[in-house]
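Notes follow the structure.
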Amino acid sequence: MKALLYSLSGTPMLIALLLVAGNIVPVFLYGAIGIGIAMIVYSSIAKIRTGSYSLDYIALLAMIVALATDHGIAGGVIALMVTSGEALDAYASHSAEEALHTLADRIPKTCTVRCANGNTIERPIQEIMHGDTIIVRRHELVPLDGILVSDSACIDNAHLTGEAFSATYVRGARIRSGSINRGNSLEITVEGTADTSTYHRIVRLVEESKRHPSPTTRFAEKVNLPFTMITLVISATAYVWSGDVSRALAVLVMATPCPLLIAAPVAFIGGISRAARHSIIIKRPVSLEILDRVSTVFFDKTGTLTLGEPTLTKIERIHTARTDDNILSIAAAIELHSLHPLARAVVTTHRSKHLNTLHAHRVAEILGTGITGYVDDIPFSITSSHGVETGIVVSIAESGAEIARLHFEDALKEHVAHLFHTLMARGIHIEILTGDTRENAERIMGRFGIPIRAGISPEEKFIAIGAARTHGDTVAMVGDGLNDAPALAHADIGIVFSGTENSASIEAASIAILGCDISLLQELFDTAHTSVRIARQSMIGGIALSAIGMIFAACGYISPVAGALLQEIIDVIVILNALRTRTSHIYTPRVQ
């Protein structure tokens, strides 16, 4: 709403028009000052309610003095500068939110209910009652908890538990909302209601965290108090020494904290624009400042550090003269007829090797059991392998005799090792939080020597984030699934990889990275540091120039109108420097 207030109503433009008109009819100048005062009061009240403090008290005092002493032009210029700074900040937040809007709200609002007479009807999820039977189609998100009525189902729980691969369930199994149906359409008898479902319980945790966001103190707010005190002392001294209120006003005009108001928004808009070019959406400009202070990063594993999809890693031959390539070709010929994730992994590997294509016929798949078919008139079957302790393994049998085993893993994304090295070089502590088993997590991530908390629930991730923040850490959480949403919302900064377009996690996060490229996380940290560094340079440089101008104004060398014009020149210098964030080179990581 505040963004719309500035961007749509065009407050800065209105004040500029009043300034021009005021040169002909002076009363318009007072209108400009009045609008500036009203906007500062409104903004200050809103900030005080959130426990923050306005940066505009000097500007407010300067406009009041200008109004009282008939220095309309000086007061109008101050009003223009203040509202322009606020508009820039509001614009950055609003444009980022708009860019993210299309990714949210993927949870179904209705579902198909099977009536007692066998007919089906679409109903809002909130109207579904305990005991109703609902239909979930292929690739749909399960909207409510329930008991499986269908004979079997292939369910992807990655968003809930972090398990990389889909699992097979049989009639009578409990299916949780938030999982995804990867097999044929299935029917579930609902347990509870929408409000008691797994999905909505996680969403409530997200909402609770967003109602109690982490307090943040921006650098400009830290600098503002001492700067304000110094300004008031100089202004009062100038008035007592000279008895001329114009000198005091000139000091206030030169001290109007426009570098503080403008430098950060401009620098962060540049940073947000730069990030957007790399498919990174930053919701709020202040996120860049918080990200630069991060001391601990928690990572989800599945879909964040790994691809979240099975990859064929090994073909183990068992008492057969067939080659690995021939076994792979046979498996691909049969699995081509299946939509199971493991089948896709086999076919993808076969295609990547450019092997000869074989053809299978009389193919039959029994969900939860396996798939059979004939290749060159020889019967083959592909089923789950029993007695294997590690990883995901399927068995290939020829005429009933096992000839090979295919081993699958959830592959690590490229550049993960480099990312970890870079973050640790910056003195950032890293941990992995995953709902996957300890065995799987250690097998994939153990090589890095990073602490791993495995087999934990969304609530436990939420608690881990809270504990780190209680110890004084500035915490970032990086995830991609529904099970990460509470932690993303509870962290100081939540970063989501939105390749899955999961509504709850996207809504909970401060930053969304479009796609799955883990190297973009390093670009994000680099952008944050560069933006904050340039913003601080601009603020400190602008304040230094203003301080010099204050001394000259106190000595009577600068009038209020001249001070307003000089302050505009300083603002231009600050803006030009801050705009470097769009093109500035990334920095070399600091080692602590």
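The values are calculated or read from the model by the stated rules, or taken from the named source; none is laboratory data. These figures come from a predicted structure and were not determined experimentally. Quick reminder, even Gly has a Cβ in these numbers, built from the backbone with ideal geometry, and neighbours come from all protein chains shown.
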Give the residues of the stretch 222-245 that are within 13 Å of Val65 (Cβ to Cβ) and surrounded by fewer than 20 Cβ atoms within 10 Å (Cβ to Cβ), sorted by residue number.
Leu232, Ala236, Tyr239, Asp244, Val245
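Listed here are the residues, each with its yes/no results for (1) farther than 28 Å from Thr323 by Cβ; (2) at pLDDT 90 or above; (3) in the same structural domain as Asp517 (by TED's automatic domain parsing).
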| site | (1), (2), (3) |
| --- | --- |
| Thr390 | no, no, no |
| Ala397 | no, yes, no |
| Arg405 | no, yes, no |
| Leu419 | yes, yes, yes |
| Leu423 | yes, yes, yes |
| Ile428 | yes, yes, yes |
| Phe448 | yes, yes, yes |
Given the structure, is Glu86 surrounded by 14 or more Cβ atoms within 10 Å (Cβ to Cβ), modelled with pLDDT of 60 or more and among the acidic types (Asp, Glu)?
yes
I'm trying to understand the selection: among the residues of the stretch 365-388, which are modelled with pLDDT of 90 or more and over 20 Å from Phe408 (Cα atoms)?
Gly373, Tyr374, Val375, Asp376, Asp377, Ile378, Pro379
Test Asp292 against the criterion of being of a type in the set (D, E, K, R), touching a residue at least 24 places away in the same chain (Cβ under 8 Å) and over 23 Å from Ser399 (Cα atoms), and give yes or no.
yes
Here is a check on your reading of the model: is Leu545 surrounded by fewer than 24 Cβ atoms within 10 Å (Cβ to Cβ), assigned to a helix (DSSP H, G or I) and more than 18 Å from the chain's Cα centre (by Cα)?
yes
Under 6 Å between Cβ atoms, which residue pairs at least 6 apart in sequence (or on different chains) link something in the stretch 403-423 that is without any contact (Cβ under 8 Å) to a residue 40 or more places away in the chain and closer than 17 Å to Leu307 by Cα with a partner that is buried (at least 18 other Cβ atoms within 10 Å of the Cβ) and among the acidic types (Asp, Glu)?
none
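Can you tell me which residues in the stretch 461-470 are more than 28 Å from His418 (Cβ to Cβ) and either of a type in the set (Val, Ile, Thr) or in contact (Cβ under 8 Å) with a residue 12 or more places away in the chain (or both)? Before the answer, list the steps.
From the stretch 461-470, those more than 28 Å from His418 (Cβ to Cβ) are 462-463, 466-467, 470; that's our starting set.
If the condition is that a residue be more than 28 Å from His418 (Cβ to Cβ) and either of a type in the set (Val, Ile, Thr) or in contact (Cβ under 8 Å) with a residue 12 or more places away in the chain (or both), then Phe462, Ile463, Gly466, Thr470 are the ones that fit.
Conditions tested, residue by residue: (1) crowded, with 19+ Cβ neighbours inside 10 Å; (2) assigned to a strand (DSSP E or B).
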| site | (1), (2) |
| --- | --- |
| His350 | yes, no |
| Leu358 | no, no |
| Ala364 | no, yes |
| Val394 | yes, yes |
| Leu406 | yes, yes |
| Glu414 | no, no |
| Ala417 | no, no |
| Met424 | no, no |
Please verify whether Ile262 is modelled with pLDDT under 80 and of a type in the set (Val, Ile, Thr), treating the condition exactly as stated.
yes
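Among the polar types (S, T, N, Q) and either buried (at least 24 other Cβ atoms within 10 Å of the Cβ) or closer than 20 Å to Gly479 by Cβ (or both): does that describe Thr296?
Taking the combined requirement at face value, the residue satisfies it.
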Checking the structure you have, find out if any residue of the stretch 322-341 is in a strand (DSSP E or B), assigned by TED's automatic domain parsing to the domain that holds Thr372 and not aliphatic (A, V, I, L, M).
no
Which residue pairs have Cβ atoms closer than 7 Å, lie 6 or more positions apart in sequence or on different chains, and pair a first residue in the stretch 169-194 that is without any contact (Cβ under 8 Å) to a residue 40 or more places away in the chain with a second residue that is of a type in the set (Ser, Thr, Tyr) and assigned to a loop (DSSP other than H, G, I, E, B)?
Arg171/Ser150; Ser177/Ser197
Going by the conditions given, is Glu414 under 19 Å from Leu339 (Cα atoms) and acidic (Asp, Glu)?
no
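Which of the following residues is under 30 Å from His319 (Cα atoms) and basic (Lys, Arg): Arg469, Arg447, Arg405? Explain how you work it out, then say what you get.
Numbers: Arg469 fails: under 30 Å from His319 (Cα atoms); Arg447 fails: under 30 Å from His319 (Cα atoms).
The conditions single out Arg405.
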Complete set of residues in the stretch 450-475 that are touching a strand residue (DSSP E or B) at 6+ places or on another chain (Cβ under 9 Å), closer than 21 Å to Leu412 by Cα and either small (Gly, Ala, Ser) or modelled with pLDDT under 90 (or both)
Ala454, Ile456
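For the stretch 209-217, state whether one or more residues are at pLDDT below 75 and within 26 Å of Thr69 (Cβ to Cβ). Talk me through it step by step, then tell me what you get.
Filtering the stretch 209-217 down to residues at pLDDT below 75 leaves 209-217.
Still in the running and within 26 Å of Thr69 (Cβ to Cβ): none.
Checked against the condition, which is being at pLDDT below 75 and within 26 Å of Thr69 (Cβ to Cβ), the stretch 209-217 yields no hits at all.
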Which pairs have Cβ atoms under 7 Å, sit 6 or more apart or on different chains, and link a residue in the stretch 432-450 that is among the polar types (S, T, N, Q) and in a helix (DSSP H, G or I) to one that is at pLDDT 90 or above and surrounded by 22 or more Cβ atoms within 10 Å (Cβ to Cβ)?
none
Counted residues in the stretch 323-344 being in contact with a Gly (Cβ under 8 Å, 6 or more places away or on another chain) and crowded, with 23+ Cβ neighbours inside 10 Å come to 2
Go over the candidates Ile518, Ile569, Ile495, Ile534 one by one and state the one that is among the aliphatic types (A, V, I, L, M), within 30 Å of Ala62 (Cα to Cα) and either at pLDDT 85 or above or surrounded by 24 or more Cβ atoms within 10 Å (Cβ to Cβ) (or both).
Ile534
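Test Ser246 against the stated conditions and say whether it is out of contact with any strand residue (DSSP E or B) (no Cβ under 7 Å at 6 or more places or on another chain), assigned to a helix (DSSP H, G or I) and among the hydroxyl-bearing types (Ser, Thr, Tyr). So that I can check it myself, show each step before the final result.
Details: out of contact with any strand residue (DSSP E or B) (no Cβ under 7 Å at 6 or more places or on another chain): yes; assigned to a helix (DSSP H, G or I): yes; among the hydroxyl-bearing types (Ser, Thr, Tyr): yes.
In short, yes.
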Being part of a helix (DSSP H, G or I), at pLDDT below 80 and surrounded by fewer than 18 Cβ atoms within 10 Å (Cβ to Cβ) is the filter here; which residues of the stretch 14-26 pass it?
Val20
